[in-house]
Every structure is written in structure tokens, then in C-alpha cells.
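In what follows, a structure is listed as C-alpha cells, so that the remarks can point back to it.
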Amino acid sequence: MSSNKTLADLCLSVEPLNAQLTINDVADRLLEPAYKGFLSLPVVDVDSRPLGLVSRYRLQNIFMQRFGRDLWGRHPITEASNPESLIIDVDTPLDRAANIITAQLQYPITEDFILVDSTGRYRGLGTVMDLLRAMEKRIGQRNKALQQALKQLKRSQSHLVQAEKMASLGQMVAGVAHELNTPLGYVKNNVQLLGELVRPVLSLAEQQSQLMELLNDPHASDEQLTDAFTATRQAADAAAPAQLAEDLSPLLEDTLFGLEQIAELAVSLKDFSRLDRAMTEAVNLNECVHNALVIARNAIKDNAEVTTRLGELPAITCTPSQINQVLLNLLTNAAQAMDRPGRILVRTWSEMDQVHLSVEDNGRGIPESVQKRIFDPFFTTKSVGQGTGLGLSISYQIIHDHGGRIRFKSEPGRGTRFLISLPVSQSPALSRSA
């Protein structure tokens with residue numbers, strides 16, 4: 001049965017009963033094969049306008065009475081019909097008809113319903129069971145379509161989260177490149193200086209090698225040995241080993257420090273940008289704060305000074321890359337909310353079975369007129385090209401999927417504070433959904 005089936009498709013061509021027929025006539029007719037399976041039969045006047053339905057249930061009650069056939073059998077069928085039977089226009093949409101019928105449905109079901117045309121004349125009979133079966137199939141098809149739409153929505157949501165993450169990361173690329181260039185610059189300079197400092201040492205080693213060859217040569221003249229000693233002494237003076245040791249130590253320390261900064265950026269970048277895994281990792285939220293601050297360092301440093309007050313936290317079960325994304329979004333939003341260099345305070349602490357994190361700034365704040373909309377998808381107060389309007393919406397969804405809460409308090413002109421609360425452990429259902 002197609003989901004596009006209409007009420008007209010359910011219309012059964014049942015010959016109506018003439019109002020002049022007696023109850024006995026109708027009782028006999030109900031026994032005919034043509035009327036088998038119908039709960040009731042329609043009664044019409046001479047103009048084919050329905051007068052009601054007579055049901056098997058009603059006739060059964062009559063004939064079960066003592067002398068019922070003798071007392072009622074010769075009466076016109078209209079005395080046994082229900083004049084308030086349900087009559088529906090055949091052009092009524094199936095959904096609307098189902099609502100009308102189910103609203104007036106009584107149990108046990110003893111009657112069907114009459115279908116009429118636009119002039120009010122009898123068109124046929126509709127059975128409640130056929131209508132319910134048609135609606136059941138339609139609902140089943142709609143549920144299937146909704147399930148497919150839900151699966152597609154979940155896939156789209158997953159892609160949207162990843163796309164927003166990549167968009168956020170793209171905004172950080174220039175800053176990360178700058179952060180990398182700074183240590184790379186002085187590491188390069190230090191290596192060049194080391195090359196210049198080591199060159200005299202290599203020359204000294206070469207002179208010493210030549211001197212050793214002459215010393216081991218029995219045919220070497222005194223003049224050759226004298227010249228070799230002189231060249232070796234001059235190379236040693238040029239190499240200045242004492243000064244070299246003093247110069248090498250800070251250069252090596254600076255080089256190692258620069259390489260550590262590069263490694264730190266690389267690890268933080270990897271942790272932020274990796275594809276999400278299942279929510280099974282035990283993570284210290286303070287590490288997520290550290291990663292986000294490293295990635296956002298360049299975007300923040302010209303706008304605000306960051307202060308952290310990180311408490312001792314238990315490890316929580318979460319997807320770290322998603323939490324990193326939320327923190328990066330809150331930090332960059334706080335930095336962009338500054339009209340002049342300001343302050344950002346990041347705090348973490350734990351209470352009972354939850355950990356809490358707050359990001360507070362003293363920027364321009366959020367206007368009261370838009371505070372109710374900041375978690376709406378695609379809503380942004382930033383200029384075109386500065387934001388997608390998805391950051392806070394996705395952040396809200398991520399925290400919700402982790403069984404947590406994200407709230408904010410903002411006062412225009414004084415700043416904004418976002419508070420995130422996350423459970424230490426996740427329920428199996430949340431872990432699977434994430």
C-alpha cells in the first residue's frame with residue numbers, strides 16, 4: 001500500500017440500504033457473501049443522501065431480546081440505524097480523516113464510516129481497519145525516512161564539527177607559523193655561529209695531524225718540525241679553547257630551548273587537529289588548557305595577558321581533541337573581545353564528581369539583546385570573514401555530548417565569563433554516542 005494513498009483509494013463500493021427496508025430484510029442481507037466482513041451498512045434516502053449506519057452489533061442486540069424479531073423485525077431499518085454515524089468527504093486528506101476518526105473512535109469498534117462527495121451524496125463505505133492500516137504503513141514509511149534523515153544529520157554534524165575545527169585551525173595557521181619562525185630563527189643563527197666557532201678547531205685538528213705525521217717521520221728535518229710546531233701554536237691560539245667553551249654553552253642551551261619550543265608546538269598542534277576517537281581516554285583537563293594556550297598564543301599575546309590558576313584535577317573520560325576545540329574557541333573569542341590590551345583568566349578546579357573550567361575576560365562583553373542567541377548555529381556578531389557562527393554552537397554540542405554544561409555570564413563593558421562543568425566519568429551510553 002503506497003504512502004500516497006488517499007481516502008478515495010480506501011472507498012469501498014458497497015450498495016447502500018434503502019430506508020424503506022425492514023430490520024428483518026437487513027438482517028437477512030447481512031448474511032449474504034457480498035456484505036461479509038463489514039461491521040455496518042449505510043442507509044440512504046431516495047436522493048442517495050446518507051441517513052446513518054446500521055451495525056451488526058445493534059441488530060444482534062435486537063434479535064437477542066426475547067421475541068426481538070417478532071417485535072422489531074417489521075420496523076423500518078431507520079429505527080435501528082445510528083443517525084450520528086461518522087460521515088466524511090471523500091476528498092478529505094488521509095491524515096485529516098485519520099485525526100477525525102480516531103478522535104471519535106469508541107471501543108469496541110462497531111461501525112465503519114460513510115464517504116460522501118462534495119454534494120453530500122453517498123460515494124461508498126470506509127472501514128476503520130483499512131484506514132488504520134494505511135496510516136500505520138504511512139507512519140512506518142515516515143519513520144524510516146526520519147531515521148535515514150537522522151543518520152544523514154549525524155553524519156553532517158560530524159563533518160560540520162570537523163570542518164569548524166579545521167576552520168579554527170586555519171585561523172591559527174599564521175600565528176602558529178610565527179610561533180615556529182621565532183625559535184627556528186635563532187636556532188638557525190646559533191647553528192651558523194657554531195659553524196664559525198668550530199672552524200678554527202677543525203683547523204687546529206688538521207695542524208695537529210700534520211705535526212704528528214712529521215714527528216713519526218724519521219726523515220723529517222728540523223726546519224719542517226719547527227714550521228709545524230709554529231703553525232700548530234698559531235692554530236691553537238686562533239681556536240682559543242677556553243673562550244670556545246664559554247661561547248658554546250649558551251649557544252647550545254638556546255638551541256635546545258628553541259627545539260623544545262618547536263616540539264611543544266608540534267605536539268600541541270597534533271593533539272588539536274587529530275580526528276576524534278571514542279570517548280575512552282582518561283585526560284587531565286589542565287593538559288587540554290596547556291595545548292589550547294600554545295596553539296592560541298599568537299592570537300592572544302597582542303590582545304591580552306593570560307593568567308592561569310589550574311587546580312589539582314582528577315583525570316576525566318573525554319575526547320581530548322573536542323575539548324581542545326572548545327577551549328581554543330573560548331580563548332580566541334576572549335582575545336577578540338578586547339578593544340584594548342586586557343586580561344584573560346583561566347581557572348580549573350574540581351568538586352565531588354565533576355571538574356570545572358572557567359575562561360574570564362575583561363573585554364567589551366556581550367550585548368544583552370543577543371545573549372540568548374550566542375549558542376544558535378550560524379549566529380555571530382563578528383564582521384564578515386571573521387567568524388562562521390558555528391564555534392559556540394558546536395562547543396555547546398560537544399559539552400552536552402560529554403554530559404556536561406556550558407554557561408556564561410556577561411556584562412557589557414566589563415567582560416564575559418564562560419563556565420564549563422564536566423563529569424569525571426561518562427555513562428556507557430554517552431561514550432558510545434560520542
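The values are calculated or read from the model by the stated rules, or taken from the named source; none is laboratory data. These numbers were taken from a predicted model, which means no experiment stands behind them. Backbone-built Cβ (ideal geometry, glycine too); neighbour counts: all protein chains shown.
In summary, D247 fulfils each of the numbered conditions (1) over 28 Å from the mean Cα position of the chain (by Cα); (2) assigned to a helix (DSSP H, G or I); (3) at pLDDT 80 or above with the single exception of condition (3).
Any idea which of A27, A8 is touching a residue at least 40 places away in the same chain (Cβ under 8 Å) and over 22 Å from V128 (Cβ atoms)? Spell out how you get there, then give the answer.
Numbers: A8 fails: over 22 Å from V128 (Cβ atoms).
Sole residue among the options that is touching a residue at least 40 places away in the same chain (Cβ under 8 Å) and over 22 Å from V128 (Cβ atoms): A27.
The residue that is nearest to I323 (Cα to Cα), counting only those in the range 344-363 that are surrounded by fewer than 19 Cβ atoms within 10 Å (Cβ to Cβ) and among the hydrophobic types (A, V, I, L, M, F, W, C), is W349. Of the strands (runs of 3 or more DSSP E) contained entirely in the range 69-152, those carrying at least 2 residues that are without any contact (Cβ under 8 Å) to a residue 60 or more places away in the chain fall at 87-89.
Whether any residue in the range 288-309 is in contact with a Ser or Thr (Cβ under 7 Å, 6 or more places away or on another chain), among the aliphatic types (A, V, I, L, M) and surrounded by fewer than 17 Cβ atoms within 10 Å (Cβ to Cβ) is what I want to check. The answer is no; no qualifying residue exists.
Among the residues of the range 307-322, those that are farther than 15 Å from S350 by Cβ and either out of contact with any strand residue (DSSP E or B) (no Cβ under 6 Å at 6 or more places or on another chain) or at pLDDT below 90 (or both) comprise T319, P320, S321, Q322.
Filtered by the rule that a residue be modelled with pLDDT of 90 or more and polar (S, T, N, Q), the range 325-364 gives T348, S350, Q354, S358, N362. Taking the criterion of being within 15 Å of I366 (Cα to Cα) and either of a type in the set (K, R) or within 17 Å of the chain's Cα centre (by Cα) (or both), the residues of the range 389-423 that qualify are G389, L392, R407, K409, R414, R417.
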